[in-house]
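> The structure follows.
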Amino acid sequence: MTDKPPSTPPTFPQPEPITPKRSIGATLRAYFITGLLVAGPLAITAYIVWWLIALIDDWVRPLIPAAYNPETYLRFSVPGVGILASFLGLTLLGFLTANLVGRTLITFGERILQRMPFVSGVYSGVKQVFQAVFQQGRTSFRRVGLIEWPGPGLWSLCLIAGETSSIVADPLPSGKYLNVFVPCTPNPTTGYFVVMREDLIKDVDIAPDEVFKVIMSMGIVQPTAREKPAMTTGPEVHPLPGPRQPEEREP
């Protein structure tokens with residue numbers, strides 16, 4: 001006699017869970033919020049870009065000669081003419097400044113501005129800001145940190161501008177000090193400038209633009225980790241006119 005295989009109990013299909021049906025109002029509300037999430041950022045971005053283009057056009061268009069303005073020959077306005085003219089003008093100015101004649105003219109003009117009582121202070125301050133942002137932009141505001149601000153146990157995101165000058169740091173207790181900028185919510189373009197010892201700053205591995213997203217959203221948007229930049233070299237930036245150093249010659 002052979003043993004019979006054990007019989008398996010019959011299986012029955014399990015009933016699917018019953019999901020409650022949403023009402024028509026809830027469905028329409030979900031569709032509306034989804035559409036708002038898609039169209040809202042696009043509309044606001046388009047509005048800001050269009051406003052910026054119109055602002056630059058209003059500034060630059062009156063400076064363009066009528067013979068070179070395409071609106072002279074067309075019956076409608078052409079957006080972006082001011083941006084194109086600004087780009088060409090600044091590029092040409094940079095090309096002329098890079099040679100000896102342009103450097104001489106810029107140096108002569110700066111000497112005239114430095115002799116004006118009020119204009120000299122404004123020009124020198126603005127020039128230093130532009131030099132720090134564009135010529136040293138690879139190190140300025142590239143580090144993000146956390147500091148105890150505005151009090152103990154209260155932590156705020158900050159942007160590290162760079163090392164504090166010795167003129168400001170010498171009267172302070174011994175240590176390395178950094179210049180930090182603490183943006184305000186919800187407008188990150190305003191904030192506080194703070195000189196703080198480096199060991200009191202905790203570095204955070206996020207990009208500076210992520211800080212602005214967090215601050216503008218009042219903490220609703222969460223930051224993401226910083227992406228490692230590719231090993232590429234940027235375009236060459238010509239420095240502003242200054243004293244020329246003698247070239248070293250090999251013996």
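> Report the charge-dipole magnitude of the range 143-216 in Debye, nearest 20, computed about the Cα centre from +1 at each Lys and Arg Cβ and -1 at each Asp and Glu Cβ. Intermediate values should be presented prior to the final figure.
Values: 5 positive and 9 negative charges, 26 e Å.
Value, rounded to 20: 120 debye.
> Classify the range 29-150 from the C-alpha gyration tensor, please: rounded if a/c falls under 1.5, else prolate or oblate depending on whether a/b exceeds b/c.
Numbers: a/c = 2.72, a/b = 1.25, b/c = 2.18.
Taking the square roots of the gyration eigenvalues as a ≥ b ≥ c, the range 29-150 is oblate.
> If you don't mind, there's one more thing I want to ask. Starting from the range 38-76, pick out the chymotrypsin sites (Phe, Trp or Tyr not before Pro) whose DSSP state is loop and whose Cβ has at most 12 other Cβ atoms within 10 Å.
On the way: sites: Tyr47, Trp50, Trp51, Trp59, Tyr68, Tyr73, Phe76; in loops: Tyr73, Phe76.
Those that pass, being in a loop and sparsely packed, are Tyr73, Phe76.
> Report, by chain and number, residues whose modeled amide H sits under 5 Å from the one on Thr164, excluding near sequence neighbours (fewer than 5 apart, same chain).
For Thr164, whose amide H was placed from the backbone, the distant partners under 5 Å are Tyr177, Leu178, Asn179.
> Amide H of Trp149 versus every other amide H placed in the peptide plane: which residues, excluding those fewer than 5 positions away on the same chain, fall under 5 Å?
It is Leu154, Trp155, Ser156, by chain and number.
> Still on this structure, I have one more. Sorting Arg111, Arg103 on the 10 Å Cβ count, fewest up front, what's the list? All intermediate terms of the calculation are to be shown ahead of the outcome.
Numbers: Arg111 9, Arg103 17.
Exposure proxy ranking, most exposed first: Arg111, Arg103.
No lab work stands behind these numbers, since they all come straight from the coordinates. All of these numbers come straight from a predicted model, not from anything done at the bench. Cβ coordinates were reconstructed from backbone atoms using ideal geometry, including for glycine residues, and neighbour counts include every protein chain displayed.
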